[in-house]
Amino acid sequence: MPLYEGYTSDKNVVIFDFGAAYTKCGVAGEMCPRCIIPSQLKDQKTGKIKQIWEYNTEDELYENLKDFLFILYFRHILINPKDRRMVVCESLLCPEIFRETLAKVMFKHYEVGSVLFSPGHLTAMLTLGTNTGLVMDVGYNETLVIPIYEGIPVIKALQSLPVASKAIHQRMKEMLLSNGKVKTGNEEYSLSDKPELLTEEILEDIKVRCCFTTKWDRAKKIHDVTLYGADISNLPSPPPSVHYPLDGGSILVIDGTIREQVCEVMFEQDNEQVSVTTLLLDAIIQSPIDMRVELSQNIVILGGTALLPGFLHRIQMELLDLIKQPRYSNVLALKKFRYHQAPAKSNYTSWLGGSMIGSLETLPSKSVSRDQYTESGKLSDWCNLATVGQS
Amino acid sequence: MAGTLSLPDSEVVQYLCACKKWNSIYRLYICRRCFKIRCGDCVLHEVDSPYCPNCLENMPSAEAKLKKNRCTNCFDCPSCGHTLTTRATSQMIPNPDDPGKSTPKKMYYLACGFCRWTTRDVAIPDKPIASGAWEDMENPDAARISTLLEHYQLLAQKEKVEKERKKYSRRRSHLMYAASMDKYGLVSVAAKRKGLISAGPNPTIKENEEINIKTIKEAVTVEEFPPLPDEIFTEPIQLTKKTSISQRLAMSEFQPSEAVELYPRRKHLLIRRSLRCKECEHNLSKPEFNPLSIKFKIQLIALLYIPEIRVVPPGELKYKKDTKIVLTFSNPVNTNTKIQFIQAEGNEGEKVTAKIELPKKELVLAHRDVPAMYADMPAQQDFKDDSSVVSFRKANKLGIIFKVTPLVQEGDVKVCFVLKHDYLNTAATLPSENEEPEIVWLEHRVTVNLGPVTSSK
């Protein structure tokens, strides 16, 4: 038994969830993260904002993570990193270079005691008290569905789609540039004359404050027009438009159709007939037959994008509709779906699971200690057979 | 005028630190045990003392941990993040003795001086006392989360015990096997004598002890989520009543979407950092405990120990033409410092674009004498400077002439050399011992950017 076992009694285990857009960070055993901050860095000299996930070389990523962790530790958590344990909630599809560099920064630069890398989908199950569920994470870059059965991720049924928050922002940008109007005093010009006004922050703010996922019956009509070329008069009457202040003088007029339609990007089936909702059903089909009913009764939805008003209701309605279509009714005999509601906001549910893992006595036996890391020089990874069974 | 007025963070003169990074002297530290330059990346940062940036009250770190690094008295505006101030008003309340009359009573509320947000805006009642009455909001899911946590903690305990038991029982069964195979009973006798068989595997773990794990309440699943309200399609939204994402995330536990649900948040503490050398673990910087004090208990920044180099603006620098330039060296310590120059060998990541000829002789920098600097007294010592090397001398500064030959036709002229100086190590000897402090020679690799080459046209 390593000497340091029993260390966990003092609650200094730090839990990180590095998201593509926001990083959740806090202390084990607590009910919410101490901070949820954008995963970005401000260059001290030029004042430019830089995303930590944007990197060309490993060294650049190393510097990004080093500076970012510095801010997290010494501005937000105020805990010494040295010889302390930490838990990282990561996506199963996290790039190897990111994990390895993160481990390097933590063990070599900050000299942390041990790190536990835990899949975010799995930790989210802990917050529910069950160990079987169909977990969908709607994040910034992608939507990822992984069935989890008796605590084991069913990797072969994993479904993902690069459509999430970022796609909404892009859709909104396109729509605003094509028909957005800006008013400055009495002057009115179209937004495409000044596209630089539309920053990522503004897009996000518009999404958060004005947009919503519309109802299924309205969405069907919208899809008929936008996707299948029905006459534009078939559109339901749009919600009121919004006057959004861009800066001191100018006002951006956001049309009601934009407010209602931007989120449709997630529900429009692409050429392969895949949308966010079909991912759930596809994942069920890919799972072994005796798991299917149980999975359909335990759907868990995570991720910040799921906080959009109306999103969950829409998923529910669409699932019930899709299951009646021949494409699925021939394969699946499901009639009903049931959903879990985690005791947390969906953008930090994975983090909360991490916080639970981090407060347990078994943490030392499950994490990679600094000694182990220095000995082997790398982490074990589920997709690398050479390292399976080592940890 | 000696030296140029350069911004303290300029990249004109850079020193190589022990972890092979180039930094300006203003960002470097020096370890007095290892005699190496350290930068922000090769020192260990430590959380020293937490304090509140508003009331400047020190908080012991144990208490800070308990309070989740938040000040007990100060609040931030949930709307704009500015500090809230407490305001007093008087309110008429009915007199308990005489119900017909009312008496004034002081009541307090919080207001933001910047965005004019007040606790009254969100219908938080005024408090009868100025501080301490603002309770935190309760997480609605707290009970569920703590039952889950307790449950998992029991499970973890069980897992740990089982693991331990397995470890011991395996060893024992091996011995039992040996004993059963033992024809003459020798092994069991020996084992008994040693007390191996009779003693339990671990006194703390009883053989048949089962950790009682109650099953927890099943998670509740729902079949339906509430649909969007119909008003969203008809009523115009008021942007000012919707919270922005940063306002939401600042209250991560509740993330209100309407501005009326905002609640004052306790001010986050800041910390003073202390720095430690990663190699010898000695402190390089340690601040005073008191947050009001700007002094340090230990402050080993390079600027206080290593001669600082500044560039006197050179004249024209032309391709392949020898030019005399002057660099100013100022001595930060209060003893005379000898300096020497060595040609830099090898390459440590610098881009050298010019050849430099260094003075061969050892030079002496006068000690730093603060009163003399202000009184403008003539230098006390006579250094017999060689005017072909020394351009001027003033107090602790010395202008030294170097010959530079640019090797590029365009771009910046950069030279590299090694500065060697002696350093009186006062740290190694205790003051009680009557030994002479040790003199150490330190070498620093330095690059100097002399500015762009003048085009030959």
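The values are calculated or read from the model by the stated rules, or taken from the named source; none is laboratory data. A quick note: this is a predicted structure, and the numbers were derived from the prediction, not measured. FYI the Cβ positions are ideal-geometry reconstructions off the backbone, even for glycines, and counts take in every protein chain you see. The accessibility values were calculated without ligands, DNA or RNA, using every heavy atom of the protein model including side chains. Shrake-Rupley method; radii C 1.70, N 1.55, O 1.52, S 1.80 Å.
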Can you pull out the buried accessible area for chains A and B, both sides counted, probe 1.4 Å, rounded to the nearest 100 Å²? 6300 Å²
Dipole-positive endmost among B:Gly81, B:Asn23, B:Phe35 within region B:7-83 (Cβ charges, Cα centre): B:Phe35
In Å², and per residue, what accessible area does the protein assembly as shown have when probed at 1.4 Å with the other protein chains present? 51 Å²
Which of the peptides A:358-369, B:112-123, A:117-128, A:96-107 is most tightly packed, and how do the rest follow, going by the mean number of other Cβ atoms within 10 Å of each residue? A:117-128, A:358-369, A:96-107, B:112-123
Cut-off under 12 Å on the C-alpha distance; same-chain residues fewer than 8 positions from B:Lys158 excluded. Which aspartates and glutamates are left, in chain and number order? A:Glu361, B:Glu209, B:Glu210
Would you mind telling me the antiparallel percentage of the DSSP bridges in the protein assembly as shown, rounded to 5? 90 percent
Note the angle between two axes, namely the Cα long axis of helix A:216-226 and the longest principal axis of the Cα atoms of chain A, as a number of degrees from 0 to 90, rounded to the nearest 10. 70 degrees
Placing unit charges on C-beta atoms (Lys and Arg positive, Asp and Glu negative, everything else neutral), compute the dipole magnitude of the protein assembly as shown about its Cα centre in debye, rounded to 20. 2020 debye
Sequence-distant or interchain residues sharing an amide H contact under 5 Å with B:Asp48, placed H: which? B:Arg272, B:Arg273, B:Ser274
As I understand it, the value is the acute angle between the Cα axis of helix A:58-71 and the longest principal axis of the Cα atoms of chain A; what does it come to in degrees, rounded to 10? 90 degrees
For region A:348-365, what does the Karplus curve 6.51 cos²θ - 1.76 cosθ + 1.60, with θ = phi - 60°, yield as ³J(HN,Hα) per residue in whole Hz, taken in order and with x for Gly and Pro? 10, 4, 4, 4, 4, x, x, 4, 6, 4, x, 8, 8, 5, 7, 3, x, 6
Using the Karplus curve 6.51 cos²θ - 1.76 cosθ + 1.60 with θ = phi - 60°, what ³J(HN,Hα) values do you get for each residue of region A:82-98, in whole Hz, with x for Gly and Pro? 4, 6, 9, 8, 8, 10, 10, 8, 10, 7, 5, 9, 4, x, 4, 4, 5
Values of log10 I(q)/I(0), in the order q = 0.06, 0.08, 0.13 Å⁻¹, for chain A under a Debye, Cα-only, solvent-free model: -0.27, -0.48, -1.14
Output field shielding_mean for A:353-365 (other chain Cβ, 10 Å radius) holds 4
How crowded by other chains is B:230-239, given as the mean number of beta carbons from other chains within 10 Å of each beta carbon? 5
Would you list, by chain and number, the aspartates and glutamates whose Cα falls below 17 Å from the Cα of B:Lys278, excluding same-chain residues fewer than 8 positions away? A:Asp83, A:Glu111, B:Asp41, B:Glu46, B:Asp48
Specify the angular offset, from 0 to 90 degrees and rounded to the nearest 10, of the alpha carbon long axis of helix A:276-286 from the longest principal axis of the alpha carbons in chain A. 50 degrees
Pairwise label distance in nanometres, B:Cys55 with A:Glu196, each label 7 Å out on the Cα-Cβ vector: 4.7 nm
Is there a pair in B:Lys242/B:Lys267; A:Lys50/B:Lys67; A:Lys50/B:Lys65; B:Lys67/B:Lys241; A:Lys194/A:Lys215; A:Lys66/A:Lys366 whose C-alpha atoms are over 29 Å apart, and which pairs would that be? A:Lys50/B:Lys67; A:Lys50/B:Lys65; B:Lys67/B:Lys241; A:Lys194/A:Lys215
B:Glu224-B:Lys67 pseudo-label distance in nm [points 7 Å out on the Cα-to-Cβ vector]: 4.8 nm
How far, in nm, would the chain grow between A:Lys108 and A:Glu174 when pulled straight, counting 0.36 nm per residue and subtracting the alpha carbon separation? 19.4 nm
Calculated from DSSP helices alone, with each H run of at least 4 adding -39500 (n - 2.57) and the total divided by the residues of chain A, [θ]222 nm to the nearest 500 comes to -9000 deg cm²/dmol
Search the structure for amide H atoms under 5 Å from the amide H of B:Val364, placed 1.01 Å from N in the peptide plane, and list their residues when 5 or more places away or on another chain. B:Ile339
Could you pull out every residue, at least 5 positions away or on a different chain, whose amide H is within less than 5 Å of the one on B:Cys74? Hs are placed 1.01 Å off N in the peptide plane, and Pro or chain starts have none. B:Lys267
In whole Hz, what ³J(HN,Hα) sequence does region B:159-166 give by Karplus (6.51, -1.76, 1.60; θ = phi - 60°), x for Gly and Pro? 4, 5, 4, 4, 4, 5, 4, 4
Can you tell me the length gained on complete extension of the stretch B:Lys214 to B:Phe114, counting 0.36 nm per residue apart and subtracting the Cα distance? 30.7 nm
Shielding of A:206-213 by other chains, given as the mean Cβ count within 10 Å, works out to 4
Summarise the accessible area of the protein assembly as shown (1.4 Å probe, protein heavy atoms) by the percent that is carbon and sulfur. 52 percent
Under 19 Å from the Cα of B:Lys127 - aspartates and glutamates, other chains or at least 8 residues apart: B:Asp76, B:Glu135, B:Asp136, B:Glu138, B:Glu261
Value of Rg to Rh for region A:165-266 (Rh from inverse mean 1/r over Cα pairs, i.e. Kirkwood): 0.98
Entries of A:Lys48/B:Lys318; A:Lys378/B:Lys286; A:Lys108/B:Lys286; A:Lys42/B:Lys297 with Cα pairs more than 26 Å apart: A:Lys48/B:Lys318; A:Lys378/B:Lys286; A:Lys42/B:Lys297
